[in-house]
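Following: one structure in structure tokens, then a few remarks.
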Amino acid sequence: MNVEQEKGFFTEENSVEVVTSRNAAAKNERLKFAMEVITRKLHEAVKEIEPTQDEWFEAILFLTNTGHMCNEWRQEFILLSDVLGVSMLVDAINNRKPSGASESTVLGPFHVANAPELPMGANICLDHKGEDMVISGRILDTDGRPVADAVIDVWQANDEGFYDVQQKGIQPDFNLRGVFRTGADGRYWFRAVKPKFYPIPDDGPVGKMLRALGRHPYRPAHLHYIIKADGFESLTTHIFDPHDPYINSDAVFGVKESLLAEFRTVDDPARAKELGFSGWFWEVEHDFVLARQAA
Ligand SMILES: [Fe+2]
């Protein structure tokens, strides 16, 4: 033990220095720095809150239950990070985009690798359940030029707010998912159905915490995108329906002003026929702007 680096016995006043000085010999400087900050902020919180022993045990039990809730299919700690706004904060710090580029938001837990690559215009709604929707736009660079060969990976919930992976055997596999590739004009379009808002899983300790805080578990209706193109930073984002009842209170704080798209209804029998729809339908147009990779 490196005796010179110790700062004496523990007291309420010098608690931070006593604990952090013990880490002086840590080989990983980044870890040492992170633990110094976390210890300082955590002690600060305890000193301000002054929890009773029972309250502190309740906090320990909450974290214990959060861990117990995790398995191969469920990650309750990610959910906790999401509802505390920490996932969005880490996303923001790691995706500072140049002005004019589309903003990112959380990936979420429902992305599936290797969704089928489809011809432009394909209908990704395989069970024809819900209100028809056509989505189109362009993939552009920050100078407004079209990006060719951009790969657009899209996925969304159905008209009841469920992803295919949540309803195995009810929805067809890869329902409401697809991968599209742009041509020289940078345009994309596909058909789907209007997604619905949905709750994050709220049958565990995080859901219980939300209820205790008077919060609901809902995310406003959205479509997920990952857009990749050579020479550009990949973009993980959503577009949202601005008229959704939860647009101003997303449980995971994923909404940004620039990600609001217009979902408008179209009553045009000729166009509906062209699109293979039977009546009125929703139309959404949204361009995405990719940031160039730093040289
Ligand atoms: Fe989602």
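The values are calculated or read from the model by the stated rules, or taken from the named source; none is laboratory data. All values derive from a computational prediction rather than experimental measurement. Note: ideal-geometry Cβ built from the backbone for every residue, glycine included; neighbour counts use all protein chains shown. Heavy atoms of the whole protein, side chains included, go into the accessibility calculation; ligands, DNA and RNA do not. Shrake-Rupley method; radii C 1.70, N 1.55, O 1.52, S 1.80 Å.
Of all the listed residues (VAL165, VAL134), the sole one being assigned by TED's automatic domain parsing to the domain that holds LEU259, more than 16 Å from the ligand (Cβ to nearest atom) and β-branched (Val, Ile, Thr) is VAL134.
For region 128-158, a residue qualifies if it is closer than 20 Å to VAL284 by Cβ, open to solvent by 10 Å² or more (accessible area, probe 1.4 Å) and touching a Pro at 6+ places or on another chain (Cβ under 7 Å), and the qualifying residues are ARG138, LEU140.
Residue under question is PRO195, and the condition is that it be within 16 Å of the ligand (Cβ to nearest atom), in a loop (DSSP other than H, G, I, E, B) and within 21 Å of VAL90 (Cβ to Cβ); does it hold? So PRO195 fails the test. Of all the criteria given as (1) in contact with a Phe, Trp or Tyr (Cβ under 8 Å, 6 or more places away or on another chain); (2) in a helix (DSSP H, G or I), the one not satisfied by HIS43 is (1).
The residue that is farthest from the ligand (Cβ to nearest atom), among those in region 143-162 that are outside any loop (DSSP other than H, G, I, E, B) and over 18 Å from TYR246 (Cα atoms), is PRO146. Between PHE62, PHE33, the distinction of being over 22 Å from PRO205 (Cα atoms) and at pLDDT 95 or above belongs to PHE33 only. Which of the residues spanning region 199-215 are more than 16 Å from the ligand (Cβ to nearest atom) and buried (at least 17 other Cβ atoms within 10 Å of the Cβ)? Result: GLY204, PRO205, VAL206, GLY207, MET209, LEU210. Within region 61-74, can one find any residue that is over 30 Å from HIS111 (Cα atoms) and either surrounded by fewer than 14 Cβ atoms within 10 Å (Cβ to Cβ) or not basic (Lys, Arg) (or both)? Within region 61-74, one or more residues are over 30 Å from HIS111 (Cα atoms) and either surrounded by fewer than 14 Cβ atoms within 10 Å (Cβ to Cβ) or not basic (Lys, Arg) (or both).
Could you look through region 100-119, keep only residues that are within 14 Å of the ligand (Cβ to nearest atom) and either aliphatic (A, V, I, L, M) or on the phi > 0 side of the Ramachandran plot (or both), and pick out the one that is modelled with the lowest pLDDT? Of everything passing the filter in region 100-119, GLY108 is modelled with the lowest pLDDT.
Taking the listed residues ASN123, ASN94, the one that is closer than 30 Å to VAL151 by Cβ, open to solvent by 90 Å² or more (accessible area, probe 1.4 Å) and not hydrophobic (A, V, I, L, M, F, W, C) is ASN94, with no other qualifying. Within region 42-59, is there a residue that is away from the ligand (no atom under 16 Å from the Cβ), open to solvent by less than 50 Å² (accessible area, probe 1.4 Å) and on the phi > 0 side of the Ramachandran plot? So far as region 42-59 goes, no, none of its residues is away from the ligand (no atom under 16 Å from the Cβ), open to solvent by less than 50 Å² (accessible area, probe 1.4 Å) and on the phi > 0 side of the Ramachandran plot. The condition of being under 22 Å from the mean Cα position of the chain (by Cα) and on the phi > 0 side of the Ramachandran plot does not hold for GLY8.
Cβ separations smaller than 6 Å between residues 6+ apart or across chains give the following pairs from region 212-225 residues that are assigned by TED's automatic domain parsing to the domain that holds ILE124 to residues that are more than 9 Å from the ligand (Cβ to nearest atom) and polar (S, T, N, Q): TYR225/THR237. Does region 234-255 contain at least one residue that is within 16 Å of the ligand (Cβ to nearest atom), outside any loop (DSSP other than H, G, I, E, B), over 19 Å from PRO98 (Cα atoms) and not β-branched (Val, Ile, Thr)? Yes, some residue in region 234-255 is within 16 Å of the ligand (Cβ to nearest atom), outside any loop (DSSP other than H, G, I, E, B), over 19 Å from PRO98 (Cα atoms) and not β-branched (Val, Ile, Thr). Exactly one residue among GLU58, GLU76 is acidic (Asp, Glu), over 24 Å from the mean Cα position of the chain (by Cα) and outside the structural domain of HIS222 (by TED's automatic domain parsing), and that residue is GLU58.
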